[in-house]
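Below: the structure, in C-alpha coordinates.
The values are calculated or read from the model by the stated rules, or taken from the named source; none is laboratory data. Model, not experiment: these values are computed from the prediction. Please note: Cβ atoms are built from the backbone with ideal geometry, for glycine as well, and neighbour counts cover all protein chains shown.
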Amino acid sequence: MKTIRLESEQIAPSKIVCIGRNYLEHIQELGNETPDDMVIFNKPNSSLSETLYAARDEALHYEGEICFMVRENLLYGVGFGLDLTRRELQSKLKDKGLPWERAKAFDGAACFSDFVQLGNTDLASLSLRLEINGELRQHGGYPLMMYKPVQILAGIQRFMSLEDGDIIMTGTPKGVGQVQPGDRFVGSIRAGDQVLVSHEWLAQ
(Lines give C-alpha, C1' and ligand atoms only; values in the text may rest on other atoms or scores of the structure.)
Protein backbone atom coordinates (compact mmCIF):
# COMPACT_ATOMS: atom_id res chain seq x y z
CA MET A 1 0.00 0.00 0.00
CA LYS A 2 1.24 3.48 -0.88
CA THR A 3 1.53 6.01 1.94
CA ILE A 4 1.31 9.72 2.66
CA ARG A 5 2.73 11.59 5.62
CA LEU A 6 0.77 13.06 8.52
CA GLU A 7 3.46 15.00 10.37
CA SER A 8 5.75 12.18 11.69
CA GLU A 9 3.44 9.29 10.67
CA GLN A 10 3.32 7.36 7.41
CA ILE A 11 -0.35 6.59 6.61
CA ALA A 12 -1.73 4.24 3.95
CA PRO A 13 -5.22 5.46 2.98
CA SER A 14 -7.55 2.70 1.83
CA LYS A 15 -9.17 5.13 -0.62
CA ILE A 16 -9.45 8.73 -1.72
CA VAL A 17 -13.01 10.08 -1.90
CA CYS A 18 -13.35 13.00 -4.32
CA ILE A 19 -16.02 15.67 -4.62
CA GLY A 20 -16.61 16.97 -8.12
CA ARG A 21 -18.21 20.25 -9.19
CA ASN A 22 -18.01 21.94 -5.79
CA TYR A 23 -16.98 25.41 -7.05
CA LEU A 24 -19.43 27.26 -9.28
CA GLU A 25 -16.83 29.05 -11.42
CA HIS A 26 -15.04 25.75 -12.11
CA ILE A 27 -18.34 24.22 -13.22
CA GLN A 28 -18.77 27.14 -15.60
CA GLU A 29 -15.23 27.02 -17.01
CA LEU A 30 -15.72 23.36 -18.04
CA GLY A 31 -19.26 23.94 -19.30
CA ASN A 32 -20.81 21.43 -16.90
CA GLU A 33 -24.28 21.47 -15.39
CA THR A 34 -24.62 22.45 -11.73
CA PRO A 35 -25.48 19.23 -9.87
CA ASP A 36 -28.52 18.79 -7.63
CA ASP A 37 -26.42 16.85 -5.11
CA MET A 38 -22.75 16.18 -4.40
CA VAL A 39 -20.81 14.49 -7.21
CA ILE A 40 -18.72 11.76 -5.54
CA PHE A 41 -16.15 9.41 -7.02
CA ASN A 42 -13.20 7.40 -5.67
CA LYS A 43 -9.53 7.01 -6.42
CA PRO A 44 -7.78 3.85 -5.18
CA ASN A 45 -4.63 3.75 -3.06
CA SER A 46 -2.75 2.75 -6.24
CA SER A 47 -3.42 6.19 -7.75
CA LEU A 48 -1.11 7.85 -5.20
CA SER A 49 2.13 9.24 -6.60
CA GLU A 50 5.01 11.32 -5.30
CA THR A 51 5.81 12.24 -8.91
CA LEU A 52 3.67 14.72 -10.85
CA TYR A 53 3.32 13.35 -14.37
CA ALA A 54 2.47 15.50 -17.37
CA ALA A 55 0.97 12.62 -19.33
CA ARG A 56 -0.55 9.18 -18.89
CA ASP A 57 -1.40 7.94 -22.41
CA GLU A 58 -2.60 11.51 -23.03
CA ALA A 59 -1.94 14.97 -21.59
CA LEU A 60 -3.02 15.40 -17.96
CA HIS A 61 -4.87 18.32 -16.43
CA TYR A 62 -4.29 19.52 -12.87
CA GLU A 63 -6.90 20.40 -10.25
CA GLY A 64 -5.65 21.81 -6.93
CA GLU A 65 -7.76 20.92 -3.89
CA ILE A 66 -8.11 21.29 -0.13
CA CYS A 67 -7.89 17.74 1.22
CA PHE A 68 -8.74 16.22 4.57
CA MET A 69 -7.53 13.08 6.31
CA VAL A 70 -10.14 11.19 8.30
CA ARG A 71 -9.52 9.66 11.73
CA GLU A 72 -12.21 8.21 14.00
CA ASN A 73 -14.83 9.42 11.50
CA LEU A 74 -13.77 13.05 11.92
CA LEU A 75 -11.80 15.53 9.79
CA TYR A 76 -8.42 15.16 11.48
CA GLY A 77 -5.75 16.49 9.13
CA VAL A 78 -5.50 18.87 6.18
CA GLY A 79 -3.20 18.97 3.16
CA PHE A 80 -2.92 20.13 -0.45
CA GLY A 81 -3.78 17.71 -3.24
CA LEU A 82 -3.58 17.55 -7.02
CA ASP A 83 -6.36 15.62 -8.76
CA LEU A 84 -4.87 14.67 -12.14
CA THR A 85 -7.33 14.09 -14.97
CA ARG A 86 -7.21 12.62 -18.45
CA ARG A 87 -9.54 15.39 -19.64
CA GLU A 88 -10.03 14.23 -23.23
CA LEU A 89 -10.98 10.75 -22.09
CA GLN A 90 -13.19 12.13 -19.31
CA SER A 91 -15.12 14.23 -21.84
CA LYS A 92 -15.70 11.18 -24.04
CA LEU A 93 -16.89 9.12 -21.06
CA LYS A 94 -19.22 11.88 -19.85
CA ASP A 95 -20.74 12.25 -23.31
CA LYS A 96 -21.59 8.54 -23.27
CA GLY A 97 -22.87 8.60 -19.68
CA LEU A 98 -20.10 6.23 -18.58
CA PRO A 99 -18.12 6.16 -15.29
CA TRP A 100 -15.00 8.33 -14.94
CA GLU A 101 -12.55 5.87 -13.36
CA ARG A 102 -10.36 5.47 -16.46
CA ALA A 103 -9.89 9.26 -16.51
CA LYS A 104 -9.57 9.82 -12.75
CA ALA A 105 -8.35 6.65 -10.99
CA PHE A 106 -5.25 5.68 -13.00
CA ASP A 107 -1.78 5.22 -11.49
CA GLY A 108 -0.35 8.67 -10.79
CA ALA A 109 -3.75 10.41 -10.58
CA ALA A 110 -3.30 11.81 -7.05
CA CYS A 111 -0.42 13.82 -5.57
CA PHE A 112 -0.44 15.18 -2.02
CA SER A 113 1.60 17.39 0.25
CA ASP A 114 2.22 16.25 3.80
CA PHE A 115 -0.83 16.56 6.05
CA VAL A 116 -0.97 18.48 9.33
CA GLN A 117 -3.40 18.08 12.18
CA LEU A 118 -6.34 20.46 12.10
CA GLY A 119 -6.47 20.89 15.86
CA ASN A 120 -8.52 24.01 16.59
CA THR A 121 -8.20 25.42 13.05
CA ASP A 122 -11.38 27.17 11.92
CA LEU A 123 -12.49 25.29 8.79
CA ALA A 124 -14.08 28.49 7.47
CA SER A 125 -10.61 30.09 7.32
CA LEU A 126 -9.12 27.46 4.99
CA SER A 127 -8.04 28.24 1.44
CA LEU A 128 -5.66 26.92 -1.22
CA ARG A 129 -3.16 28.51 -3.55
CA LEU A 130 -1.51 26.88 -6.56
CA GLU A 131 1.37 28.60 -8.33
CA ILE A 132 2.85 27.23 -11.55
CA ASN A 133 6.24 28.60 -12.61
CA GLY A 134 5.75 31.44 -10.12
CA GLU A 135 2.33 32.44 -11.48
CA LEU A 136 -0.81 32.14 -9.36
CA ARG A 137 -3.17 29.82 -11.23
CA GLN A 138 -5.72 28.71 -8.63
CA HIS A 139 -6.95 30.12 -5.35
CA GLY A 140 -10.13 29.65 -3.39
CA GLY A 141 -11.50 27.96 -0.36
CA TYR A 142 -14.28 27.51 2.13
CA PRO A 143 -16.43 30.56 1.20
CA LEU A 144 -16.62 29.42 -2.46
CA MET A 145 -17.50 25.79 -1.75
CA MET A 146 -21.06 24.76 -2.58
CA TYR A 147 -20.73 21.91 -0.07
CA LYS A 148 -18.69 22.66 3.05
CA PRO A 149 -16.26 20.14 4.60
CA VAL A 150 -18.49 18.94 7.46
CA GLN A 151 -21.42 18.63 5.04
CA ILE A 152 -19.22 16.63 2.65
CA LEU A 153 -18.11 14.28 5.44
CA ALA A 154 -21.70 13.63 6.52
CA GLY A 155 -22.83 13.10 2.93
CA ILE A 156 -20.15 10.48 2.31
CA GLN A 157 -20.82 8.70 5.61
CA ARG A 158 -24.48 8.24 4.72
CA PHE A 159 -23.53 5.50 2.28
CA MET A 160 -19.81 4.69 2.67
CA SER A 161 -17.60 3.73 5.61
CA LEU A 162 -14.44 5.78 5.99
CA GLU A 163 -11.32 4.13 7.42
CA ASP A 164 -8.69 5.94 9.47
CA GLY A 165 -6.29 7.59 7.02
CA ASP A 166 -8.77 7.90 4.16
CA ILE A 167 -8.54 11.16 2.20
CA ILE A 168 -11.37 13.47 1.13
CA MET A 169 -10.67 15.82 -1.81
CA THR A 170 -13.16 18.70 -1.67
CA GLY A 171 -13.18 19.93 -5.26
CA THR A 172 -11.26 22.54 -7.24
CA PRO A 173 -11.71 26.26 -7.90
CA LYS A 174 -11.41 27.77 -11.37
CA GLY A 175 -8.05 27.89 -13.12
CA VAL A 176 -7.46 24.26 -14.05
CA GLY A 177 -5.27 23.47 -17.02
CA GLN A 178 -2.78 21.15 -18.68
CA VAL A 179 0.41 19.98 -16.99
CA GLN A 180 3.52 20.63 -19.06
CA PRO A 181 6.82 18.76 -18.56
CA GLY A 182 9.19 20.89 -16.49
CA ASP A 183 6.41 22.96 -14.88
CA ARG A 184 7.16 23.87 -11.26
CA PHE A 185 4.05 23.48 -9.10
CA VAL A 186 3.82 24.94 -5.59
CA GLY A 187 0.60 24.21 -3.72
CA SER A 188 -0.27 25.47 -0.25
CA ILE A 189 -3.07 25.36 2.29
CA ARG A 190 -3.69 28.43 4.41
CA ALA A 191 -5.72 29.32 7.46
CA GLY A 192 -6.31 33.00 6.95
CA ASP A 193 -2.84 34.42 6.21
CA GLN A 194 -0.99 31.51 7.88
CA VAL A 195 0.52 28.83 5.65
CA LEU A 196 -0.30 25.46 7.24
CA VAL A 197 1.47 23.28 4.69
CA SER A 198 2.98 23.59 1.22
CA HIS A 199 4.62 21.32 -1.31
CA GLU A 200 6.55 21.66 -4.57
CA TRP A 201 6.53 19.34 -7.58
CA LEU A 202 8.46 19.43 -10.85
CA ALA A 203 6.33 17.89 -13.58
CA GLN A 204 7.90 14.92 -15.35
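Of all the criteria given as (1) loosely packed, with under 15 Cβ neighbours inside 10 Å; (2) without any contact (Cβ under 8 Å) to a residue 60 or more places away in the chain; (3) touching a helix residue (DSSP H, G or I) at 6+ places or on another chain (Cβ under 7 Å), the one not satisfied by ARG158 is (3). Within region 10-49, the set of residues being modelled with pLDDT of 95 or more and exposed (fewer than 12 other Cβ atoms within 10 Å of the Cβ) comprises just one member, GLN10. Checked against (1) buried (at least 18 other Cβ atoms within 10 Å of the Cβ); (2) under 23 Å from ILE11 (Cβ atoms), LEU74 meets all criteria but (1). The residues of region 165-196 that are assigned to a loop (DSSP other than H, G, I, E, B) and within 18 Å of the chain's Cα centre (by Cα), listed by number, are GLY165, ASP166, THR170, GLY171, THR172, PRO173, LYS174, GLY175, VAL176, VAL179.
In region 74-103, the residue that is farthest from ILE156 (Cα to Cα) out of those that are at pLDDT 95 or above and touching a helix residue (DSSP H, G or I) at 6+ places or on another chain (Cβ under 7 Å) is ARG86.
Taking region 1-22 as the range and being of a type in the set (A, V, I, L, M) and under 12 Å from the mean Cα position of the chain (by Cα) as the test, the residues that pass are ILE16, VAL17, ILE19.
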